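Q: Quick one: the structure is below, and I'll ask about it shortly.
No lab work stands behind these numbers, since they all come straight from the coordinates. What you see is a predicted model, and the numbers here were worked out from it, not measured in a lab. Here Cβ is always computed from backbone atoms with ideal geometry, including for glycine, and neighbour counts include all displayed protein chains.
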Amino acid sequence: MTNKIQNSASALLLLSFTFFAFHVQAQDWKSEKKFNLVFGLTQPLLVKGFNLEGNYIHNRLIFDYSHGASLDFSESTVTTDLKRQGLAVHVPWTTGFGVGYRLKEWINVRVEPKWHRFEFYYDGETQNRANEIVSYNTMSLGIGIYGHYQPFKNQKSFLKGIMIAPSIRFWPTIASSLKGDKYEYTNKNTLKQEEIKTLDPGIGFTPFVFNISIGYSFNLKKKA
């Protein structure tokens with residue numbers, strides 16, 4: 001009888017310790033201090049540019065700054081109307097920050113103001129000031145949902161910090177330096193009066209932005 005009580009007590013103690021250890025481990029991410037550096041894959045693969053993003057994680061809060069540069073849109077990556085006009089769009093920079101909250105270790109939501117520069121040229125022509133048709137700046141304000149996955153997190157080598165960060169964002173344009181949100185001009189391809197309108201910064205110049213980034217996560221707080 002005594003052995004059974006001892007065995008039961010030992011089993012209960014082990015179960016309690018296991019639960020406590022799991023609970024502590026599960027809560028670790030809520031008190032993390034980390035810095036992430038990631039590079040977007042969509043930009044170099046689809047529009048010949050690049051995007052760099054830095055994140056600072058403080059417990060459940062996340063702060064980011066991102067900057068994209070030298071994005072080129074033409075043919076299949078512009079709207080049907082811009083393609084009909086024979087135009088290319090160059091985005092020399094797109095930049096901004098975000099403030100968010102971590103719902104889980106692997107997902108967070110952010111509010112993001114961003115600024116963008118759009119320049120329009122005839123497709124195939126040298127993109128310089130002399131050939132520029134029109135240019136303008138915009139500001140977008142929206143929300144983003146970001147994933148965070150470290151496939152080698154349990155490793156003790158440098159592989160531990162490698163991360164993959166997919167994202168879905170909604171960034172509608174809320175302000176533009178383009179007067180009246182449109183520019184009228186005579187197009188030399190169509191020989192007609194055409195319009196260039198204010199664009200959104202996402203895929204197909206919609207407000208929707210999809211991306212997958214890869215990078216590295218650095219722990220700033222040592223575990224006790």
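Q: Once amide H atoms are placed 1.01 Å from N in the peptide plane, what residues at a sequence separation of 5 or more from I62, or on another chain, have their amide H within under 5 Å of its amide H?
A: G100, Y101, R102
Q: Most mobile of G100, G40, G86 per a Gaussian network model of the chain (Cα springs, under 10 Å)?
A: The residue with the greatest mean-square fluctuation here is G86.
Q: Take the alpha carbon atoms of segment 80-113, find their center, do the same for segment 163-215, and report the distance between the two centers in whole angstrom.
A: When both Cα centres are located, 10 Å separates them.
Q: Net charge near F73, counting Lys/Arg +1 and Asp/Glu -1 over other residues with Cβ under 14 Å of its Cβ?
A: -3
Q: Using a basic spin-label model with each label point 7 Å from the Cα along Cα→Cβ, how many nm lie between K182 and W106?
A: 4.7
Q: DSSP loop (so not H, G, I, E, B), at most 10 other Cβ within 10 Å: list which trypsin sites (Lys or Arg not before Pro) in segment 151-184 pass both filters.
A: Within segment 151-184, the qualifying trypsin sites (Lys or Arg not before Pro) (loop, at most 10 other Cβ atoms within 10 Å) are K156.
Q: Right, next: Determine, for S213, S157, the number of other Cβ atoms within 10 Å of each Cβ, and report the residues in order from fewest to most.
A: Taking fewest neighbouring Cβ atoms as first place, the list is S157, S213.
Q: Are there any GluC sites (Glu not before Pro) in segment 61-160 that are in a DSSP loop and have at most 15 other Cβ atoms within 10 Å? List them by number.
A: Qualifying residues, ordered by number: E125, E132.
Q: Here is a further query. Can you tell me the 0 to 90 degree angle between the C-alpha axis of helix 2-27 and the longest principal axis of the chain, rounded to 10?
A: Here the helix axis deviates by roughly 20 degrees.
Q: Given +1 on the Cβ of Lys and Arg, -1 on the Cβ of Asp and Glu, and no further charges, what dipole in debye does the chain carry about its Cα centre, rounded to the nearest 20?
A: Values: 26 positive and 18 negative charges, 263 e Å.
Dipole about the Cα centre, nearest 20: 1260 debye.
Q: Give, as a single signed number, the net charge of other residues whose beta carbon lies under 10 Å from the beta carbon of V89, with Lys and Arg counted +1 and Asp and Glu -1.
A: Residues near V89 contribute -3 overall.
Q: Separate question: As an exercise, use a Förster radius of 35 Å and the Cβ-Cβ distance of Q127 and Y216 to find the FRET efficiency, rounded to the nearest 0.05.
A: After rounding to 0.05, the efficiency reads 0.55.
Q: Taking R0 as 45 Å, what FRET efficiency do you get between S157 and S76 from their Cβ-Cβ distance, rounded to the nearest 0.05?
A: E between S157 and S76, to the nearest 0.05, is 0.60.
Q: Rounded to whole Hz and in sequence order, give me ³J(HN,Hα) for segment 175-185 from the Karplus expression 6.51 cos²θ - 1.76 cosθ + 1.60, θ = phi - 60°, writing x for Gly and Pro.
A: 7, 8, 7, 7, 4, x, 6, 7, 10, 9, 7
Q: Tell me what the chain gives for mean residue ellipticity at 222 nm when only DSSP H runs of n ≥ 4 count, each as -39,500 (n - 2.57), the sum divided by the residue total, rounded to 500 deg cm²/dmol.
A: -5000 deg cm²/dmol
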